[in-house]
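Taking it in order: structure first as structure tokens, then the write-up.
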Amino acid sequence: MRKDELMSWRCVLNGSEVVLQGVPFTRRLVEILRDDLLLTGTKVSCEMGRCGACMVLMNGRTVNSCLVMAYQCMDQNIMTVEGLEGPESDPVQRVFLEEGAFQCGYCTSGMIMSVKGLLNNNPCPTRQEVEEGLSGNLCRCTGYGSIIRAVEKLGQ
């Protein structure tokens, strides 16, 4: 496989099958989501997997979409923050609003996806498990108190 080779890329994205033609094998998932599919809820920040702004779920587990290449997510089940849309707000989104667990909002979609991943694997996490589950997400605007309170409220 050469870096410039193109592929027919497919996955299940937010519950629907998606197929794209002519995708470079090494195109980053965050670029596919934002540039090719116009799903801009996934943010780009550090571009090296340190901040968590680009966090999505792949097969129910959190991944930094800036570090995942097209070939790595082929035929996988991917969920972005847009996948939480529905007639009623997702419980994680609702509790973030109730607890004021955001400031500028740039990190919020990544935080929400990390919480979804955490709760998928552990519906009643301890405070330490919440802190560990969010350790890959950085927020420069606020302390994490309201975010942790929001997650603890969900685990009750």
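The values are calculated or read from the model by the stated rules, or taken from the named source; none is laboratory data. Bear in mind that the values here come from a model prediction, so they are computed numbers and not experimental data. Here the Cβ positions follow ideal geometry from the backbone for every residue, glycine too, while neighbour counts run over all protein chains shown. For accessibility, only protein heavy atoms count, side chains too; no ligands or nucleic acids. Shrake-Rupley method; radii C 1.70, N 1.55, O 1.52, S 1.80 Å.
Listing for the model above:
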read-out	value
Residue-by-residue Karplus 3J(HN,Hα) for the stretch 41-50, coefficients 6.51, -1.76, 1.60, Hz, glycine and proline x	x, 7, 8, 10, 9, 6, 6, 9, x, 9
Area projected by the alpha carbon convex hull of the stretch 1-97, averaged over all directions, nm²	6.6
Hz values of 3J(HN,Hα) by residue in the stretch 10-21 - Karplus curve (6.51, -1.76, 1.60), Gly and Pro given as x	8, 6, 9, 10, 6, x, 10, 6, 10, 10, 10, 9
Accessible area (Å², per residue) of the stretch 1-67, counting only protein heavy atoms and a probe of 1.4 Å	53
Amide H contacts of Leu39 (H built 1.01 Å from N, under 5 Å, at least 5 apart or other chain)	Arg34
Calculated from backbone phi, Karplus (6.51, -1.76, 1.60) coupling profile of the stretch 95-103 in Hz, x at Gly/Pro	6, 4, 5, 4, 8, x, 8, 6, 10
At most 12 other Cβ within 10 Å, DSSP loop - GluC sites (Glu not before Pro), the stretch 1-43	Glu5
Sparsely packed GluC sites (Glu not before Pro) within the stretch 38-90, loop by DSSP, other Cβ within 10 Å at most 10	Glu88
The chain: angle of helix 145-154 to the longest principal axis, Cα-based, in degrees nearest 10	90
The chain: angle of helix 108-121 to the longest principal axis, Cα-based, in degrees nearest 10	80
Solvent-accessible area per residue for the stretch 80-156 (1.4 angstrom probe, square angstrom)	54
Under-5 Å amide H pairs with Cys46, H placed in peptide plane, nonlocal only	Cys51, Ala53
Interchain or long-range residues, amide H under 5 Å from Leu13's placed H	Val18, Ile78
Rounded to 5, percent antiparallel among DSSP beta bridges of the chain	90
Paramagnetic reach from Arg127 (point 7 Å along Cα→Cβ, amide N under 18 Å) across the stretch 134-156	134-135, 143-156
Relative contact order, percent, the stretch 19-156 [alpha-carbon distance under 8 Å, six or more residues apart]	26
Under DSSP loop assignment and at most 14 Cβ neighbours within 10 Å, longest trypsin sites (Lys or Arg not before Pro)-free interval of the chain	51-139
Carbon + sulfur, % of accessible area of the chain - ligands and nucleic acids excluded, 1.4 Å	48
